[in-house]
Amino acid sequence: MPSGRDEIGLYYLESGFNREEMSFRFGQHLIKPSVVFLKTELSFALVNRKPVVPGHVLVCPLRPVERFRDLRPDEVADLFQATQRVGMVVEKHFQGTSLTFSIQDGPEAGQTVKLQKHDKEEEDSPTLWRSEEEMASEAAALRVYFQ
């Protein structure tokens, strides 16, 4: 499958990615491809099972690492470029005006799953677990922005 770079240098797959053939890990969890809405060369983005606010999504490195310091420089660059791009889409899609980015890096920082980058809009929201169907629907809506 051909790949390229977009206007900010972020790697992408031109014709999307075949979600059925991909597998993703979020720490110790296996992620269903249906909830992933972006895959770059070294990172991926997924919707959150229990969002704190609308637009609370995760951007993760493809390679599992324990801590932020364990990422290679190219992985850091890709992760933050993907986060920037996802942030622009989240703000547009959810009609937000502000974003919060956070990294929980270590147990004392609240990390319960290995490294990921949080991106969430500043609004109130329900905190119930969502169904797989609801998560897949949101991922499909966000995926459109990256095609």
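The values are calculated or read from the model by the stated rules, or taken from the named source; none is laboratory data. None of these values were measured; they are calculated from a predicted model. Positions of Cβ are generated from backbone atoms using ideal geometry, with glycine treated the same way; all protein chains shown enter the neighbour counts.
Residue count for segment 19-59, restricted to those that are hydrophobic (A, V, I, L, M, F, W, C) and either surrounded by fewer than 15 Cβ atoms within 10 Å (Cβ to Cβ) or over 18 Å from residue 82 (Cβ atoms) (or both): 4. For the criterion of being over 12 Å from the mean Cα position of the chain (by Cα), under 22 Å from residue 147 (Cα atoms), charged (D, E, K, R) and assigned to a helix (DSSP H, G or I), residue 108 fails. All of 65, 113, 76 fail the test of being modelled with pLDDT of 95 or more and hydrophobic (A, V, I, L, M, F, W, C), apart from 76.
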